[in-house]
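Worksheet: the structure to be examined is printed underneath.
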Amino acid sequence: MGNEEKMMDSKFLEDEIRDGFYIPTLGKRAWAAELIVLQEVDRICSKHHIKYFAAYGTLLGAIRHHGFIPWDDDMDIMMLRKDYEKFCKVAKEELPDGFEVTTFRNHENFWSFMARVVAFPRICFEEEHLEKYNGFPYIAGIDVFVLDYVHADNEKESERCSFAKYVLAVADELEKMDEKTLGENLQRVASICETEIPEYSTLHELKVFLYERVEKLFAGVKESEAENVTQMMPFGIEKMESAQFYKKYFKESIRVPFEDITVPVPMGYDSILKKTYGDYMHSVRGLAGHDYPFFGTQRKQLQACLDFPIPGFYFDKKQLERKKTEEDKSYRGILPLQLEGLRTSLHEISKAQKNGKNVELISYLELAQQQAIELGTLVEQVKGEGLEVVTALEQWCEEIYQMHQLLNAGEEESIIEKSVSQLESLYEKAAQRLQEEVLSRKEVVLLPYKAKYWDKMKHIYQEKCNEPDCDVYVIPMKCYEKDYLGNFVRLQEDGNYPEDVHCIAEGDFDFALHQPDEIIMETPYDSYNMAVSVKPFFFSSNLQQYTKKLVYIPYFKEDDFAREDERAFYNLQYYCNMPGVIYADEVCVQSESMRQRYIEKLCEFAGEETKGIWQKKIVAKEEYFRDEKADEIVEIPDNWKKIVCRADGSDKKVLLFVTSFGMFVENEKQAILKLKSIIECLEEEQEDFAVLWYAGKQNTDTIGGVKRYWDMVQMEQKKLKNSERIETDHELEVAEKISTAYYGVSGEAAQRMAQGGKPVMILNSEIV
């Protein structure tokens, strides 16, 4: 049942795009720290048989994303009152050193009817702490909310809520009351709560007592007197019906995947989420009830205490000063000089031959031969073998050898003169071929980040390869994992690039010698990514000196977002306000909308006076970011082929059928009847089409209604001879592409198929 505490896989801590939203490395570290806290809570709850459930955004994330909602970064759980009180009691003894449970009873400024479990009560950069919490220095924790029973009798419930409101108002206004007013209010509180007011030395003590009375009122309804539960503060006290749920939803829990662990969710999660969020499987970037990121305020408070800036990348106008390239040290600078030296030697050879100075002639022939060898060697070094210029130079050397032999043999002057003429012809040929095959050609270097992101670079590769007189070099950069101190700890394994892409190892390309016309890179971070890094040589700040045009194109594609999406705009800083964007001569983004977001964020970072720079530098290149997955050939699983393909090889119509356990919660008997009636209808038409059935993710905790649901699915599917069960998310993705129509519960699969123009019908289990 429980989850063992462990360090997160290093790849988990890397920045990534989820559901079109960028999550920075620091955000991932925050998630990892919260998961450590959750695992401790889970351990304690398992040991002491305390029932808890994922709540609010954590519940939604567990069901819809199988982990955190990408644009949310806090964790919420809920417990019924008796479990909550038990947890608060045992947690004091069970939690590891450094952990604490914060409530209004033990924290001076925490006036809330919930608890917060935190891993460490202060910001900490100590090595041991950073190692334990995956390099996250800020305070991380989870909120524990309480569910109380609601009076079935509305009159009694209204009275209870009124009493609670009054006592709470007194507690929150203590400091504003004079002695007489305070005494009168306390007398009424004593009457309402049927208690004596204890002696108190401070108003804080009195406030704690009054909050305890409010809490007792919240907990005052027995289970037998209620049909619903709610979080009393702030929802129940205001009698918000939308925040009340049937108590039966919380009778059992189901463990579902959440990142790389599991979390318990209420058996009635579907109804809870529908009531709370509506069509909850449709992702909407809403704002949670807290600041984003949750550690943002802590970071500001820390900065206010320091007399130096928190480590990071800061803008300096000097960064906009373009580094000069050293073209004279490149082959484009060296080869013309070598060719000129060869031409000079040819001139001296001709002159010595005409003047009959054979000793000088032999000397210049030897020099010219050496010059030709050096020239050819450099050409092969930078462009490889098989060029005509090298062939011409080899012929030149052979002709010199023959001339040397003729001179030693004392041949007639006319024969020597003819050989000199042949050298002149070979020189002209070599000079022409050198220009055509080497000097006039454009060089472009592509620095892909990882093989799995090659799709983002593929379009550029194809475009550059199709350019006439352009040589393209693909140099995959090695990527290293970093520890919490920024040290390189291990080399990450990379995948394979397409067979038709010739890749060059990092050390086999001399950037100083080539000085390519363009270098196109995919990482903007330089040293400022907390999780991974390429070698410092490949930092944008260094690459700039080796090319006239340094281009940055992100290896990821985030969804376009409006300026009003504050969370997406905030996270933009993690990849926009980075060295690669500052040092690049051109930055390619996916759309004009994203271009505008970049410009605005960079002006915020570097000053409004730099706007003109960004307007020129940032360019929209939609063609580089187009998604080709829709055009990919779908690989149908072998076990599906027998049902989706006819004997003659043609394709059948395919129905994607989607059900969920949630439909069983509200009215199990009705859901069973509905499912049986659907299967009967499908049975009658099975010869004409195939059914791919996705029933959700099966869990090990198959108890009660959950077990009955899965037993029903297995039994009913056997009645459909042309059907297969979908077991994984990948299979579901394939099914969406090959299916003709959709029938089932509402969700993202239904929406994607509707957007693709396919017929969609939503299942209503209440109608048989």
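None of the figures in this text is laboratory data; all of them are computed from the coordinates on show. Computed from a predicted structure; not experimentally measured. Every residue, glycine among them, receives a Cβ derived from its backbone with ideal geometry; neighbour counts consider all protein chains shown.
Taking Cα centre as origin and charging only the Cβ of basic (Lys, Arg, +1) and acidic (Asp, Glu, -1) residues, the dipole magnitude of the chain rounds to 1700 debye. Derived scalar couplings between HN and Hα for the range 337-344 equal 5, 5, 5, 5, x, 5, 5, 4 Hz in order, rounded to whole Hz, by the Karplus curve 6.51 cos²θ - 1.76 cosθ + 1.60 (θ = phi - 60°), x for Gly and Pro.
Ignoring solvent entirely, what values of log10 I(q)/I(0) come out of the Debye formula for the range 202-261 at 0.15, 0.16 Å⁻¹ when each Cα is a single scatterer? Each listed q maps to, in turn, -0.66, -0.71. Couplings 3J(HN,Hα) for the range 293-303, derived from phi with the Karplus relation 6.51 cos²θ - 1.76 cosθ + 1.60 (θ = phi - 60°), are x, 5, 8, x, 5, 4, 5, 5, 5, 5, 4 Hz, where x marks Gly and Pro.
Axis angle, to the nearest 10 degrees, between helix 358-383 and the longest C-alpha principal axis of the chain: 20 degrees. Only Cα pairs under 8 Å and 6+ residues apart enter the sum, and on that basis the relative contact order of the chain stands at 10 percent.
Across the range 129-136, rounded Karplus estimates of 3J(HN,Hα) from the backbone phi angles (6.51 cos²θ - 1.76 cosθ + 1.60, θ = phi - 60°) give 5, 5, 5, 5, 10, 6, x, 9 Hz, Gly and Pro being marked x.
Taking the number of Cβ atoms within 10 Å of each Cβ as an exposure proxy, the fewest-first ranking of Asp565, Asp19, Asp74 is Asp19, Asp565, Asp74.
How do 500-513, 326-339 rank on mean C-beta neighbours within 10 Å, highest first?
Working: 500-513: 12.5, 326-339: 15.6.
Listed from highest to lowest mean packing, they are 326-339, 500-513.
Given 0.36 nm per residue, what is the gain on full extension from Ser591 to Glu436 after removing their alpha carbon distance, in nm? Kindly include the intermediate steps, with their values, before the conclusion.
Values: separation 155, 0.36 × 155 = 55.80 nm, distance 3.74 nm.
This chain segment gains 52.1 nm when fully extended.
By the beta-carbon count within 10 Å of each Cβ, the least crowded to most crowded order of Glu131, Glu259, fewest first, is Glu131, Glu259. Taking each DSSP H run with n ≥ 4 as -39500 (n - 2.57) and averaging over every residue of the chain yields -13500 deg cm²/dmol at 222 nm. Once you reduce the range 121-200 and the range 585-631 to the center of their Cα atoms, the two points are 48 Å from each other. Highest mean first, the peptides 47-55, 574-582, 10-18 sorted by other C-beta atoms within 10 Å per residue fall in the order 574-582, 47-55, 10-18.
Close amide H contacts of Val654 (hydrogens built in the peptide plane, cut-off under 5 Å, sequence separation of 5 or more or a different chain): Ala690, Thr740, Ala741. Annotation: the residues Met521, Met761, sorted from fewest to most other C-beta atoms within 10 Å of their own C-beta, follow the order Met761, Met521. Angle of helix 154-172 to the longest C-alpha principal axis of the chain, folded into 0 to 90 degrees and rounded to 10: 70°.
Residues whose amide H lies under 5 Å from that of Leu763, counting only those 5 or more places away or on a different chain, are Gly744, Val745, Ser746; hydrogens are built 1.01 Å from N in the peptide plane. Amide hydrogen proximity for Tyr473: with H placed 1.01 Å from N in the peptide plane, the residues at 5 or more positions away or on another chain lying under 5 Å are Val444, Val445, Leu446. Could you state the angle between the C-alpha long axis of helix 704-717 and the longest principal axis of the C-alpha atoms of the chain, as a value from 0 to 90 degrees rounded to the nearest 10? The two axes meet at around 60 degrees.
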